[in-house]
Amino acid sequence: MYSRCVSTPERLIESTRELLWERGYVGTSPKAILERAGAGQGSMYHHFKGKPDLALAAIRRTAEELRATAEGVLDGPGTPYERIEAYLRRERDVLRGCPVGRLTMDPDVIASAELREPVDDALDAIRERLAGIVEEGKEQGQFGAELDGEEIASAILATVQGGYVLARASGSAGAFDAGVRGLLSLLSPLSSPTSMSSR
């Protein structure tokens, strides 16, 4: 599955990331990781202390990737509304679900403060960035002054994560898209820049 030029630790981490997404922590056995990575017996313990150590490396990478992808969109061009819209509409494998959202539903991950920390940190960072963008929009008169940035940021994250669940349950990405459209209609700017400037 992996090219020989990819290092063994790298193959182990990537294989663990995929298996955690597909099967959860309990379903991700050392044997399954080694088979997916095309690594020999004992490779895991040569490069990592064991499954928990390897899982932590995999979860950290998944969380960092989610955060970087979100921030890349949220820090892009456009008005606050346009950046939020770009984040909500960015390309996702909706029916496969969110790799980080999957971890939050895994009792073994949630029970471990160490495994949970990267997930919490990534979601907190995205929520904080979204809240800041909402506050920017309020300052520019694009969003109503009564909106609370933290609450709207939480609603955006809840829409995304809930959208994954509804899409997987229905077997259709349409459920995710409907949630996004509904939230965007609620956040629709008070007025366009043109009408604002004409006042």
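When P189 is tested against (1) modelled with pLDDT under 95; (2) within 21 Å of E18 (Cα to Cα), just one condition goes unmet, and that condition is (2). Of all residue pairs spaced 6 or more apart or on separate chains, those with beta-carbon atoms under 9 Å, a first member in the range 166-182 that is open to solvent by less than 70 Å² (accessible area, probe 1.4 Å) and a second member that is part of a loop (DSSP other than H, G, I, E, B) and of a type in the set (A, V, I, L, M, F, W, C) are A167/A173. If you go through the range 24-37 one residue at a time, do you hit one that is under 27 Å from I156 (Cβ atoms), open to solvent by less than 40 Å² (accessible area, probe 1.4 Å) and not acidic (D, E)? Looking for residues that are under 27 Å from I156 (Cβ atoms), open to solvent by less than 40 Å² (accessible area, probe 1.4 Å) and not acidic (D, E), one finds at least one in the range 24-37, hence yes.
Within the range 1-38, the set of residues being in a loop (DSSP other than H, G, I, E, B) and in contact with a Lys or Arg (Cβ under 6 Å, 6 or more places away or on another chain) comprises just one member, Y2. Return the residue satisfying two criteria in turn: it lies in the range 44-102 and is hydroxyl-bearing (S, T, Y) and open to solvent by 50 Å² or more (accessible area, probe 1.4 Å), and of such residues it is farthest from the chain's Cα centre (by Cα). For the range 44-102, the residue satisfying everything is Y45.
It is to be established whether one or more residues within the range 176-183 are in a helix (DSSP H, G or I), in contact with a Pro (Cβ under 7 Å, 6 or more places away or on another chain) and not β-branched (V, I, T). Scanning the range 176-183, I find no residue that is in a helix (DSSP H, G or I), in contact with a Pro (Cβ under 7 Å, 6 or more places away or on another chain) and not β-branched (V, I, T), so the answer is no. Per this entry, A70 is counted among residues that are among the small types (G, A, S) and within 17 Å of Q161 (Cα to Cα). Scanning the range 73-110 for residues that are more than 13 Å from Q161 (Cα to Cα), part of a loop (DSSP other than H, G, I, E, B) and modelled with pLDDT under 95 gives E91, D106. Looking across the range 139-162, not a single residue is crowded, with 21+ Cβ neighbours inside 10 Å, of a type in the set (G, A, S) and not in a helix (DSSP H, G or I).
Number of residues in the range 104-138 that are within 19 Å of P80 (Cβ to Cβ), touching a Ser or Thr at 6+ places or on another chain (Cβ under 8 Å) and open to solvent by 60 Å² or more (accessible area, probe 1.4 Å) equals 1. With respect to E136, determine if the residue is in a helix (DSSP H, G or I), acidic (D, E) and under 21 Å from L187 (Cβ atoms). The answer is yes for E136.
The values are calculated or read from the model by the stated rules, or taken from the named source; none is laboratory data. What you are looking at is a predicted structure, and each value in this text was computed from that prediction instead of being measured. In this analysis, Cβ positions are derived from the backbone assuming ideal geometry, glycine residues included, and neighbour counts consider all displayed protein chains. Side chains included, ligands, DNA and RNA excluded: accessible areas come from the protein's heavy atoms. Shrake-Rupley method; radii C 1.70, N 1.55, O 1.52, S 1.80 Å.
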